[in-house]
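Please read the structure below before turning to the comments.
The values are calculated or read from the model by the stated rules, or taken from the named source; none is laboratory data. Fair warning: this is a prediction, and the values are worked out from it, not measured in the lab. Cβ atoms come from the backbone with ideal geometry, glycine included; neighbour counts cover every protein chain shown. What goes into the accessible areas is simple: the full protein's heavy atoms, side chains included, and nothing from ligands, DNA or RNA. Shrake-Rupley method; radii C 1.70, N 1.55, O 1.52, S 1.80 Å.
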Amino acid sequence: MDLNILWFILITVLFVGFFFLEGFDFGVGILLPFLGKNDQERRVVINTIGPHWDGNEVWLITAGGAMFAAFPNWYATLFSGFFLALFLVLFSLIIRGVAFEFRSSDPSPLWRNTWDWVIFTGSLLSAILWGVAVTNLLKGVPINAEMQYVGTFFDLLSPYTIIGGLTTLLVFMFHGALFLSLKTTGDMAERSLKIAQRIALVAIPVVLLLAGLTYYQTDLFASLGAGITLIGSGVTLILAVLFLKSRKNGWAFVTNGLTILLFTVSVFWGLFPRVMISSLNPNWSLTIYNASSSPYTLKIMTIVAMIMVPIVLIYQGWTYWVFRNRVTEKNLHY
């Protein structure tokens, strides 16, 4: 395996980690105003992700940094072409983070309610926009021979990419509801289970619709492995619903996590060895070779990653272990 392939795989892993971990963060944030009937219950909801949300976002920062260093042409084309969309993602993540920190700094009901809706808005925008961005990578965008994006923001919007946004929104909401059922107690946990079941009824047909549209709108299924992996993500989502009906909440959360993992892997597998597809001319697509850094840069990055990645994984695993207990009204911090 050459270093170009290795770093493509590592970036895939980073996005898998980000979507899995930040996925339930987004879901919890979206459900916050609806599951919390009063201020105390909303504090419980926020405290389930309070110790983790900022650490989960590190996966995105690391993925962006790895993309910049390993594949600078990919980074440049993506961030210039998707500038407005990614700016909205960044803006939503910033206001969401500010809301977590400011929300409980004032006892005023108006103040707290305002920040609750800011958390909702930031989470909602992020969940939708990531689906739109990922499906655009599969569908292809207007890139010329100089590796420059020559379209507009509205070229990123189509029925297929909008369905992609709805898919990530629903799957993340389902993920968040399952997470809350595992991290809360009593009536809150029961309400989380009920809303998870309702979300699943909508999520399954939307995910299946996206899979069908992907067959016709992209060449993902040209790779048998990518096609099987995408279908597998639909199967694991159905399994998650079946586990939920059997009150096996932990297994439902794990299998829905597999849905996110398989979907993300199928996208990158379907792209490989490309990183961005040109809708103008397939020969103008960016690949892991024409978009990469020098072999020396990739070698140095690999050495650093072998040292630092295990440390980060151990630290983040430790934080989840420390805050593994369910959240109650007696142990609130936010």
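At-a-glance table
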{"quantity": "Filter result for the condition that a residue is farther than 30 Å from PHE243 by Cα, under 15 Å from the mean Cα position of the chain (by Cα) and open to solvent by less than 30 Å² (accessible area, probe 1.4 Å), over LEU156, LEU137", "calculated": "LEU137"}
{"quantity": "Among (1) open to solvent by 90 Å² or more (accessible area, probe 1.4 Å); (2) of a type in the set (Ser, Thr, Tyr); (3) part of a helix (DSSP H, G or I), the one test that TYR320 misses", "calculated": "(1)"}
{"quantity": "The range 263-298, subset polar (S, T, N, Q), closer than 27 Å to LEU210 by Cβ and over 19 Å from the mean Cα position of the chain (by Cα), residue surrounded by the fewest Cβ atoms within 10 Å (Cβ to Cβ)", "calculated": "ASN281"}
{"quantity": "Some residue of the range 278-292 being part of a loop (DSSP other than H, G, I, E, B) and under 20 Å from LEU21 (Cα atoms)", "calculated": "no"}
{"quantity": "Filter result (within 26 Å of LEU286 (Cα to Cα) and either β-branched (Val, Ile, Thr) or open to solvent by 20 Å² or more (accessible area, probe 1.4 Å) (or both)) within the range 114-134", "calculated": "ILE128, LEU129, TRP130, VAL132, VAL134"}
{"quantity": "So LEU84, is it surrounded by fewer than 19 Cβ atoms within 10 Å (Cβ to Cβ), within 25 Å of ILE314 (Cβ to Cβ) and in contact (Cβ under 8 Å) with a residue 40 or more places away in the chain", "calculated": "no"}
{"quantity": "Top-ranked residue of the range 140-153 - restricted to ones that are part of a loop (DSSP other than H, G, I, E, B) and on the phi < 0 side of the Ramachandran plot, ranked as surrounded by the fewest Cβ atoms within 10 Å (Cβ to Cβ)", "calculated": "GLU146"}
{"quantity": "Checklist (1) surrounded by fewer than 18 Cβ atoms within 10 Å (Cβ to Cβ); (2) touching a Phe, Trp or Tyr at 6+ places or on another chain (Cβ under 6 Å); (3) within 25 Å of ALA63 (Cβ to Cβ) applied to PHE221, failing item", "calculated": "(3)"}
{"quantity": "Filter result for the condition that a residue is over 19 Å from LEU156 (Cα atoms) and at pLDDT 90 or above, over LEU261, LEU286, LEU220, LEU271", "calculated": "LEU261"}
{"quantity": "Filter result (open to solvent by 70 Å² or more (accessible area, probe 1.4 Å) and either modelled with pLDDT of 80 or more or hydrophobic (A, V, I, L, M, F, W, C) (or both)) within the range 323-334", "calculated": "PHE323"}
{"quantity": "Unmet requirement for LEU208, which otherwise passes all of (1) open to solvent by less than 70 Å² (accessible area, probe 1.4 Å); (2) of a type in the set (A, V, I, L, M); (3) part of a helix (DSSP H, G or I)", "calculated": "(1)"}
{"quantity": "Only listed residue being under 15 Å from the mean Cα position of the chain (by Cα), under 30 Å from LYS194 (Cα atoms) and not polar (S, T, N, Q), chosen from ILE260, ILE231", "calculated": "ILE260"}
{"quantity": "Checking LEU90 against (1) surrounded by fewer than 19 Cβ atoms within 10 Å (Cβ to Cβ); (2) of a type in the set (A, V, I, L, M, F, W, C); (3) touching a strand residue (DSSP E or B) at 6+ places or on another chain (Cβ under 9 Å), the condition it does not meet", "calculated": "(3)"}
